[in-house]
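Contents: one structure, followed by commentary.
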């Protein structure tokens with residue numbers, strides 16, 4: 001195995017997940033690519049082939065415990081170990097007032113953003129604590145919504161606040177296994193999810209709808225690569241990377 005490093009990126013078929021996966025490949029990581037749709041995952045893997053690293057495409061619904069167990073079994077079989085988990089997969093329910101949000105939309109957000117991240121973390125623990133050398137790193141994709149909500153985004157806000165709790169609990173419980181955990185909180189990185197933010201605008205706290213500044217996703221990728229580059233006795237606990245002029249400091 002030598003110095004080969006192994007990572008798993010969830011939601012790796014598009015947006016931030018794809019950008020991070022490719023950035024890790026550029027750093028020499030072999031990367032397992034998880035997501036709901038096989039075709040985008042295969043496209044990400046194809047881009048990484050020229051870099052001479054291994055990829056593993058595993059279509060996965062991370063809200064399903066059986067599917068997550070299968071994902072990690074594939075990683076153990078093909079890679080033998082896992083050095084980095086980037087918990088990225090998530091969904092954003094359309095803006096909707098709290099009292100009108102139906103249960104199925106609420107549950108979809110919780111199942112993916114919250115339960116899915118927990119299930120992947122749990123399986124990563126099981127693998128990382130028993131591998132040799134022992135340990136690894138988990139980086140969670142939080143959000144500025146982990147601190148301050150947007151209007152009419154209760155499900156996303158709650159699940160991203162929960163991600164912060166998961167990060168803290170994982171950091172604490174991972175110490176005895178040499179598992180480090182940190183969180184990157186991202187504000188308005190260019191992706192399919194943020195296209196509407198830059199073009200038609202989004203609801204603000206004062207009731208207006210205004211476009212917001214966007215930053216390139218490559219800046220997030222560089223930050224994650226830095227977080228991943230640290231030895232396991234050092235950790236970036238929380239990092240915020242955001243478009244400088246977006247509403248956050250004094251949001252609204």
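log10 I(q)/I(0), Debye, Cα-only region 86-214, no solvent, q = 0.12, 0.14, 0.15, 0.17 Å⁻¹? Rounded to two decimals, the profile gives -0.52, -0.67, -0.74, -0.89. Could you tell me the calculated FRET efficiency between residue 208 and residue 232, based on Cβ-Cβ distance and R0 = 45 angstrom, to the nearest 0.05? Efficiency for this residue pair is about 0.45.
Multiply the residue gap between residue 244 and residue 27 by 0.36 nm, knock off their C-alpha separation, and tell me the result in nm, one decimal place. Roughly 75.4 nm would be gained on extension.
Most tightly packed first, judged by the mean number of other beta-carbon atoms within 10 Å of their residues, the peptides 114-124, 47-57, 197-207, 219-229 read 114-124, 219-229, 47-57, 197-207.
Using 0.36 nm per residue and subtracting the Cα-Cα separation, the extra length available between residue 96 and residue 51 on full extension is 11.9 nm. Computed over region 5-242, the range of Cα coordinates on each principal axis works out to 54, 37, 33 Å, biggest value leading. In terms of the Cα gyration tensor, with a ≥ b ≥ c the square roots of its eigenvalues, is region 49-89 rounded because a/c is under 1.5, prolate because a/b exceeds b/c, or oblate? It is prolate, given that a/c is not under 1.5 and a/b is the larger ratio.
Given region 140-252, what percent of its DSSP beta bridges are antiparallel, to the nearest 5? Walk me through the intermediate numbers first.
Working: 2 of 10 bridges.
Given both bridge residues lie in region 140-252, the antiparallel proportion sits at roughly 20 percent.
Cα-based values for region 1-111, radius of gyration first and Dmax second, are 15.5, 55 Å. The orientation-averaged shadow of the Cα convex hull for region 86-138, equal to a quarter of the hull surface, comes to 4.1 nm². Judged by the mean number of other Cβ atoms found within 10 Å, the most tightly packed of the peptides 181-189, 59-67 leads the ranking 181-189, 59-67. Using a simple spin-label model with pseudo-atoms 7 Å out from Cα toward Cβ, residue 219 and residue 132 lie 4.5 nm apart.
Can you give the Rg to Rh ratio of region 145-252, both from alpha-carbon atoms, with Rh computed by the Kirkwood formula?
Working: Rg = 15.7 Å, Rh = 15.3 Å.
Dividing the radius of gyration by the Kirkwood radius yields 1.02.
Taken together, the values in this text are just the output of simple stated rules run on the coordinates, not laboratory data. Keep in mind that this is a model prediction, so the values were computed, not measured. Glycine also receives a Cβ, built like all others from the backbone with ideal geometry; neighbour counts cover every protein chain displayed.
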